[in-house]
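> What follows is a single structure, and I will ask about it in a moment.
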Amino acid sequence: MNTEQPLKVATVRDLVSQWLQPRLVAVELGLPEWDDRLNRWRVPLISASNGSEPIGEVRVRSSGEIAETTDLDLSAQRARLVKTEKKKRVSRCGEISFPPIPSKIILGDARNVLEDFPPNTAQLVFTSPPYFNAKPEAHESLDYNDYLAFIGEVFKKCHAVLSEGRFLVVNTSPVLIRRASRSSSSKRLPIPYDLHPILKDIGFDFIDDIIWEKPEGAGWNLGRGRRFAADRQPLQYKAVSVTENVMVYRKRTDKLIDWNIRNHPVPEAVKSSRIEDGYERTNVWRIHPASHKEHPAVFPDALAERVVRYYSFKDDLVLDPFAGTGTTGRVAGRLERRFLMIENASKYFEIQTKDSSLMEHQPDVYDFQYDGVLP
């Protein structure tokens, strides 16, 4: 076995870069790997114009001497790769730009409203869709498949206006459908899990599953688990739910997250949005629920604050297509973000327009249901 100590990775990368420089080949270096069998460093050469697949390999002896190259025709690659890389560098200049859309509160169906907004409108989508067993006017459907199709249509519109590589965060939970009579059984619909394939097909990549944990006892009002608590018979056990799902997705792209950070049009906003100490370190967020006398299912400001801070920069636009009483907009404004609140129920829209903590950010207020056209 060869016991000779190989060079450091950084040294190998420098040696290969120096070797490539006079050859004018616009390629990137892959991760160097030490091959004990050959007693060589193996450094892949990668071209973004070829789908980031290796186009060849440079091998380096432990002495630092370039040993050989494999599968690389430098003369054939040079012209095409240099031309491609130049085009890429030009296209990167000003590649990210956001329309200067002011904050808005809109009464209307998000599927129609979002048709009037251009790409790159939103830099974060955060929402909690209406529960399936909410009043029918909330989502215009009684059949569960119709409900999922409706939610999917809204998220498809969100995808169209969301900036490349930015995030969609959805707060949902399984929903309990109470039994109609003593001879029937209740049902629990796994909404977060049924939404996942829909979001994947739209063009979102799954990133994280955050669990919003409420204090013990928060779910007893639903009645789930009371029968088991009374007689303790096996098979009757049902856990009392004290959690909701906060599912994090990213609009599909071949670019790394660092691309969004480095190319943000306002570097000062990136710097000033840095997360301070005390941030959530795990995917279990312990937050007390909120309540509203006019809305059955508002999420707390504390939940919105975490999502907005962790997944957007200052002056980004935060979109909530099911805005309800406007929690997302209120929090986004307080955190120096713009917001686009869309709500289909006039009752909740009016609550937003009368909320001084929301209106202090001077959003445009518009009734899309009346005109059908944005000003």
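The values are calculated or read from the model by the stated rules, or taken from the named source; none is laboratory data. Just so you know, these numbers come straight off a predicted model, no measurement behind them. Glycine also receives a Cβ, built like all others from the backbone with ideal geometry; neighbour counts cover every protein chain displayed. Each accessible area value is taken on the protein alone, full model and side chains, heavy atoms only, with ligands, DNA and RNA left out. Shrake-Rupley method; radii C 1.70, N 1.55, O 1.52, S 1.80 Å.
> Quick one: with all protein chains in place, what share of the accessible area of the range 231-288 is carbon or sulfur, to the nearest percent (1.4 Å probe)?
Of the solvent-accessible surface of the range 231-288, carbon and sulfur hold 51 percent.
> Any idea of residue 61's accessible area? Nearest 10 Å², probe 1.4 Å.
Approximately 70 Å² of residue 61 is accessible to the 1.4 Å probe.
> Another question, if that's okay. In terms of solvent-accessible area of protein heavy atoms at a 1.4 angstrom probe, what is the ranking of 341, 359, highest value first? All intermediate terms of the calculation are to be shown ahead of the outcome.
Numbers: 341 0, 359 55 Å².
If we order 341, 359 from most to least accessible, we get 359, 341.
> How would 277, 109 line up by accessible area, probe 1.4 Å, largest first? Write out the running numbers ahead of the final one.
Values: 277 145, 109 20 Å².
Descending accessible area places them as 277, 109.
> Top to bottom by accessible area (1.4 Å), largest first, where do 288, 196 land?
Reading off the accessible areas and sorting them downward yields 288, 196.
> Could you work out the local net charge near residue 175, counting Lys and Arg as +1, Asp and Glu as -1, over the other residues with Cβ closer than 10 Å to its Cβ?
Here the charged neighbours net out to +2.
> In the structure shown, do any of 200/347; 238/347; 251/347; 104/157 have a Cα-Cα gap over 29 Å, and if so which?
From 200/347; 238/347; 251/347; 104/157, over 29 Å: 200/347; 238/347; 251/347.
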